[in-house]
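Visitor: Mind having a look at this structure? Questions to follow.
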Amino acid sequence: MAKTPGSSFTRRAPDNITEELVAILSSKTSYEFKPLFDMILTSLRERNAASGGEEMLRLRCYEKLQSLVSQGIVDRKVNGTVKKYKGVPARLASLSAEQKVLRTEWNQRALAKIAAAKV
C-alpha cells in the first residue's frame, strides 16, 4: 500500500537538544564532544528537559551534532584522533532565529490549550 503524501510525522515540539547545541556553539570556542555533551546535559537537567537516560541522550546529541555538521552549520576539525566542533556564526544565527520562532509558536499553542481547558 502506498503512503499518501502529507501523512508523514511532523515534529510537534521544539527540539531542546538543538537549542542547547546552538546556544553553546554560538560562542567562538571549539569543543570536543565529551565536554560539549556535559554542558548540554547540565543545561537540559536544569531545564528539566533531559529524558530517556544519559546514554540515549548522548546518542541523540551526537546525531544532532552530526546533522548540523552535514548541513554546514557546525565545522568539524580533525587533528589526529581529536575532533573539535565550532559553530558557523551566520548559519547558527539563522537557525537560532528559526528555533525562537518555533518556541514562541509552541508556547502560544500551549497557553491556548490551557485557556481552552479552563473554559
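The numbers here are math on the coordinates, done by the rules we state, and not lab data. Please read these numbers as outputs of a predicted model, since none were measured by experiment. Here the Cβ is made from the backbone with ideal geometry for all residues, glycine too, and neighbour counts use every protein chain on show.
Visitor: Given the Cα-Cα distance of SER43 and GLU105 and 0.36 nm per residue of separation, how much length would full extension add, in nm? Before the final figure, lay out the partial values.
Guide: Numbers: separation 62, 0.36 × 62 = 22.32 nm, distance 2.22 nm.
That pair, SER43 and GLU105, stretches by 20.1 nm at full extension.
Visitor: Mind listing the long-range amide H neighbours of GLY87? Cut-off is under 5 Å, sequence gap 5 or more, other chains count too, H placed in the peptide plane at 1.01 Å from N.
Guide: When sequence neighbours closer than 5 places are left aside, the close amide H contacts are ASP75.
Visitor: Further, regarding this structure: Could you list ILE40, ILE24 so that the one with the fewest beta carbons within 10 Å of its beta carbon is first and the one with the most is last?
Guide: Ranking ILE40, ILE24 by Cβ neighbours within 10 Å, fewest first, gives ILE24, ILE40.
Visitor: Arranged by the count of other C-beta atoms within 10 angstrom, fewest first, what order do MET39, MET56 take?
Guide: On the way: MET39 14, MET56 11.
Arranged by neighbour count, lowest to highest, MET39, MET56 become MET56, MET39.
Visitor: When the helices in the chain are scored as -39500 (n - 2.57) per DSSP H run of 4 or longer and the sum is shared across all residues, what 222 nm value do you end up with, to the nearest 500 deg cm²/dmol?
Guide: Rounded to the nearest 500, it is -20000 deg cm²/dmol.
Visitor: Follow-up. Can you give the relative contact order of the chain as a percent, counting alpha carbon pairs under 8 Å and 6+ residues apart?
Guide: 32
Visitor: Right, another one. Under 25 Å between C-alpha atoms is the cut-off here; go through the chain and count lysine pairs that meet it, provided they're at least eight residues apart or on different chains.
Guide: Lysine pairs satisfying the spacing and distance rule in the chain number 19.
Visitor: Taking θ = phi - 60°, what integer Hz values does the Karplus form 6.51 cos²θ - 1.76 cosθ + 1.60 yield along the stretch 83-91, in sequence order, with x for Gly and Pro?
Guide: 10, 10, 10, 9, x, 8, x, 5, 6
Visitor: Cβ under 10 Å from LYS83's Cβ, LYS83 left aside: what net charge do those residues give with Lys, Arg +1 and Asp, Glu -1? Working shown, then result.
Guide: Values: positive: ARG76, LYS77, LYS84; negative: GLU32.
After counting each charged neighbour, the total is +2.
Visitor: How big is the chain by the Kirkwood estimate over distinct Cα pairs, in Å?
Guide: Details: mean 1/r = 0.0619 Å⁻¹.
Computed over Cα pairs of the chain, the Kirkwood hydrodynamic radius comes out at 16.2 Å.
Visitor: Shifting gears a bit: Please state, as a whole number in µm²/s, the translational diffusion coefficient that the Stokes-Einstein equation yields for the stretch 63-119 at 20 °C and 1.002 mPa s, with Rh defined as the Kirkwood radius across alpha carbon pairs.
Guide: 155
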